[in-house]
1. Just grab the label-to-label distance for T70 and E13, each label 7 Å out from Cα along the Cβ direction, in nm (one decimal).
2. Could you work out the pair-distance distribution P(r) of the chain from its alpha-carbon pairs, with 5 angstrom bin width and percents rounded to whole numbers?
3. What does the charge dipole of the chain about its Cα centre add up to, to the nearest 20 debye, if the Cβ of each Lys and Arg holds +1 and the Cβ of each Asp and Glu holds -1?
4. Helix-derived [θ] at 222 nm for the chain: sum -39500 (n - 2.57) over DSSP H runs of at least 4, divide by residue count, nearest 500?
5. Looking at the chain, do any whole DSSP H helices span at least 15 angstrom along their long axis by alpha carbon and average 1.6 or above on Kyte-Doolittle, and which?
6. Which lysines have a Cα less than 17 Å from the Cα of K41, not counting those fewer than 8 places away in the same chain?
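Every read-out reported here was derived from the displayed coordinates using simple, explicitly stated rules and does not represent laboratory data. Note that the coordinates shown come from a computational prediction; the quantities given were computed from them, not determined experimentally. All Cβ positions, even for glycine, are placed from backbone atoms using ideal geometry, and neighbour counts span all protein chains on display.
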Amino acid sequence: MRGLLALSPCLVEEQDRRVAALISFAYNCGLGNYRISTLRKRVNARDWSGAAEEIVKWNKAFGRVLSGLTRRRMAEALMLK
């Protein structure tokens, strides 16, 4: 993930950033969760600000908010915008 965050948005095309964010999310949360998520609906509608809002909601494990997941989701949200 660090490598993805180190990339400058100016050097990476918009679409590539979004794909990288979604791959990171799917790898971490699973494709099954992605398939049933509102995040997927926002992505399919090309509502990137809505997708960024949805992805940050996935920051819990066993019902607890984890600071590491919160940081990861915020980074992914920035990549979606």
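1. Going from the T70 label point to the E13 one covers 3.6 nm.
2. Result, from short to long distances: 3, 16, 28, 27, 17, 7, 1, 0 percent.
3. Details: 15 positive and 7 negative charges, 69 e Å.
My answer is approximately 320 debye.
4. Numbers: 6 runs with 55 residues, N = 81.
Calculated mean residue ellipticity at 222 nm is -19500 deg cm²/dmol.
5. Details: long enough: 14-29 (23 Å, -0.12); 67-80 (20 Å, -0.01).
Sorted by number, there is nothing, because no helix extends far enough and scores high enough.
6. K57, K81
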